[in-house]
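This report concerns only the one structure given below.
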Amino acid sequence: MAKLRRRFLVGGIVQGVGFRPFVFNLAEAENLVGVVSNTSAGVVIEVQGLVAQVESFTRRLEDDAPPLSRIVSVQKEDMPSLGEFEGFSIEKSRHTPGTNTLIPADMATCPDCLDDIRDPGNRRLGYAFTNCTNCGPRWTIIDRIPYDRPFTSMASFEMCPQCLSEYEDPRNRRFHAQPNACPECGPQLWLEVGGQRLEKADSLDAAVQFLQDGKILAIKGLGGFHLAVDAGNDDAVQRLRKRKFRESKPLAVMVSNLEKASCFVSLDKAEASLLSRPEAPIVLLAKSTPRGANCLASSVAPGHQRLGVMLPYTPLHHLLLERLETGALVMTSGNNSDEPICLSNDEARTKLGTIADALLLHDRKIIRRADDSVMQILQDQPFFFRRSRGFAPVPIFVRDDGPDILAVGPELKNTICVLKNDRAFLSPHIGDLENLQAFEFFQETISTLQGVLECTPAIIAHDKHPGYFSTQWAQKQSCRLVPVQHHHAHMVAVMAEHQLEGQAIGLIMDGTGYGEDGTIWGGEILAGDAKGFTREGHFEPVALPGGDAAIKAPWRTAVSYLRHAVGADSVKDWLPGTYADLAVGPVLEILEKGINSPLTSSCGRLFDAVAALTGLWTEAHYEAQAAIELMALTTPEAVRAAQPWDRPESSLILPVRPFIVATAEAVIQGVAPQEISARFHRTLIDTLASAAQLAAQKTGINQVVLAGGVFQNEILMGGLMDALSALGLHPLRPLQTPANDGSIALGQAVIARAACGLQKT
Ligand code: ZN
Ligand code: ZN
Ligand code: FE
């Protein structure tokens, strides 16, 4: 029978994800001989055997690839002569500096490992640090590359003979699983109360008892600490809020399984599968009417239609939730308000000691921080709010190759990006750089990412805002700098992840960003690509009394927008009664004198003004609270059915007056806030859709990109996507990155590369 020898070069995420053992077992199953090895270009495979079996191997190589791998390219070549192989072998991988090694992200416990920790006959029964090639910590335990145990926080744990034999056996699921461990040789768990280690037989049982008693538990997780309370215990949730100074921002919940989730949220197939993915993100799901007793405490996510839910993603989480009666824990990041989450036991003792009643600790070091990722499903597609644990640092593939770039991102919700070849490595969530710890984490992330990618770009992209800490950091480096306009970066980030060709219209609805003309931009209609853009239109600029201070007090913005719409003298006639107690006079005065009142075209501020004009949300306790809760009052159906407000003929300078006057009128007429929200959303969607159409006619471009923090509003995003399609335009929204500032660094990097030419330096 005819024999064949075939060589493969497989590119993508194929290293550190169990790809070589998969190839080994597949070759054995197909009765093929040959060899597999890791090289700088990817995984190289040579197989030899019967033609039909080589063909079957070829098919299954892609179809059955391991869950954590992502094959981007497969090059095949049939060899003229048959070589001499004895069986199939895995060649020891060698590290060549400057290679394209990809660092895998952390993955949730796989079903096989779950079986292990639940099986009374298994030596890993109840063991909180069980993992294998298909699951477990990666990015968070890696100190440096190559990804080998001695360079991870598992270095201090010597494998016992049993673990070692698993580690060395290519037929074993734990072949080269770097964090492989068992109760004999691996990390251990303990509970600390009042600084004392509790010498209980079972720290898990003791921890569960604490939670059941309504206590606050700090839990050392995968990418940092969580603060946890029983989600069914309202007193406990309130106490957590009080101690963490987190008055009203919604909290996320971890539930034991999908069935438990359906007790308080409704979920469709796409949502269930997103929840169950190995990346295990927090998924925002529509709350349903609670079923059964001991359901969700009402203080978990007040004022929201959705609840953030995640499934357990470490064996420790599984073991805790299985033992907990309610099967649901509030899990919020273990930090002091704006600081990054705690990593080390000592940090947790100092910083969380006053919040938590007990700490559940272990002796496996967390080397890198990774916050939980936050997503939802919108129109059957992923919709990111935060791309972090599980996703970062898996690269986003872009269209062009070119010089390496470091992009340092914005000020808030900072992430950084290293662009290397056709891969953009967007870091995990770093946070708000005005916080000192976050700024330290920012610098650390830059050196880490450059270190593991073995890439120190000579070009740095940064925001044009001179006051951003990221900008100032960039200016201190002796590199070529490329300043990038904030909203241009928003637009290009979306174009890059879609590998879009040609130019696009960008509808960038945002909070704030430094404009080319010195004003604050944030409601922009742009046209262009990575090479450049024109500002085709924007919301009419309005003064922001007190600058950024207005963001925390939306009523100030409301006063200014009203003054702009009806004139200073009439403001008081149009304000709702609740404003009687507010210092409206002084705000009008600083506006009159122009003291610290920069102009802004921000769409976020328009949301603030409309929300605050209803008399609700005069203050914001967390970022964009007014906008988020205004949205939560309505539904896509109500918005479609709503009567839009009158607005002038389409123009690319979008007036704010129609929104402001109509809102104030509706409030005076006693229209319910729900209806005001529906009409506002409807009018905004119509306004933006016709502006896009106008810009498309003017420029001849029909691809429309939607981005900016305001587009985290699912009603606006979903409604506008539909409206643009209905107009025959080609709308694109972010799918792999968030619409907010979390993707700015990606846009910056791609723009800087375009600015520096496509030739590799
Ligand atoms: Zn596993
Ligand atoms: Zn062991
Ligand atoms: Fe932004």
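Here are some notes:
- Here the average projected area of the convex hull drawn through the C-alpha atoms of the stretch 425-471 stands at 3.6 nm².
- Taking the C-alpha atoms only, the angle from helix 714-726 to the longest principal axis of the chain is near 90 degrees.
- Shape analysis of the stretch 320-383 based on the Cα gyration tensor places the equivalent ellipsoid semi-axes at 26, 18, 12 Å, largest first.
- Each label was represented as a point 7 Å from its Cα along the Cα-to-Cβ direction; for ARG349 and LYS3 these points are 6.5 nm apart.
- Computed E for ARG60/GLU91 - FRET, C-beta separation, R0 22 angstrom, nearest 0.05: 0.55
- Those residues of the stretch 501-522 whose amide nitrogen sits under 14 Å from the label point placed on THR699, 7 Å along Cα→Cβ: 501-509
- Folded to 0 to 90 degrees: helix 436-453 orientation relative to the chain principal axis, Cα: 40 degrees
- Proximity of backbone amide H atoms, modeled 1.01 Å from N, is registered between VAL398 and ARG423, ALA424 at under 5 Å, excluding neighbours fewer than 5 places apart on the same chain.
- Computed from point charges on the beta carbon alone (+1 for Lys and Arg, -1 for Asp and Glu), the dipole magnitude for the chain about its Cα centre is near 500 Debye.
- Of all DSSP beta bridges confined to the chain, the antiparallel ones make up roughly 75%.
- Once C-alpha pairs closer than 8 Å and six or more residues apart are averaged by separation and normalised to the residue number of the stretch 3-90, the relative contact order reads 49 percent.
- Between the amide H of PHE385 and those of VAL374, MET375, GLN376, distances stay under 5 Å, these residues lying 5 or more places away or on another chain, with hydrogens modeled in the peptide plane.
- Annotation: extensible slack from ALA568 through ILE668 equals 34.2 nm (criterion: 0.36 nm per residue apart, minus Cα-Cα distance).
- Taking 0.36 nm per residue of separation and subtracting the Cα-Cα distance, full extension of the segment from LEU727 to LEU652 would add 25.3 nm.
- With every protein chain in place, the chain: carbon and sulfur % of accessible area (1.4 Å): 49 percent
- Charge tally for VAL14 (other residues, Cβ to Cβ under 9 Å; Lys, Arg +1; Asp, Glu -1): +2.
- Based on the Kirkwood approach, the hydrodynamic radius assigned to the chain is 27.6 Å, with every pair of different Cα atoms included.
- Residue among LEU606, PRO66, ALA553 farthest towards the positive dipole end of the chain, charges placed on Cβ: PRO66
- Near the amide H of VAL656, within less than 5 Å, lie the amide hydrogens of GLU540, all on another chain or at least 5 residues away, with H placed in the peptide plane.
- Ranked by the mean number of other Cβ atoms within 10 Å of their residues, highest first, the peptides 67-80, 707-720 fall in the order 707-720, 67-80.
- In the stretch 609-761, a dipole from Cβ-located charges (positive for Lys and Arg, negative for Asp and Glu) runs towards its positive end, and of LEU735, ALA707, ALA696 it is ALA696 whose Cα lies farthest in that direction.
- Ranked by how many other beta carbons lie within 10 Å on average, peptides 133-143, 114-124, 29-39 from highest: 133-143, 29-39, 114-124
- From the C-alpha gyration tensor of the stretch 550-690, square roots of 5λ in Å: 23, 17, 14
- Angle between the chain longest axis and helix 234-243 axis [Cα atoms, degrees, rounded to 10]: 80 degrees
- For the chain, the solvent-accessible area with a 1.4 angstrom probe is 38 square angstrom per residue.
- Stretched out straight at 0.36 nm per residue, the stretch from GLU637 to ALA580 would grow longer than its current Cα-Cα span by 17.0 nm.
- Packing-based order for 728-741, 666-679, using average beta carbon neighbours within 10 Å, highest first: 728-741, 666-679
The values are calculated or read from the model by the stated rules, or taken from the named source; none is laboratory data. Everything numeric here is computed off the predicted structure, so don't read it as measured data. Using ideal geometry, Cβ is built from the backbone for each residue, glycine included, and neighbour counts are taken over all protein chains shown. The protein model used for the area step is the full one, side chains on, heavy atoms only, and it has no ligands, DNA or RNA in it. Shrake-Rupley method; radii C 1.70, N 1.55, O 1.52, S 1.80 Å.
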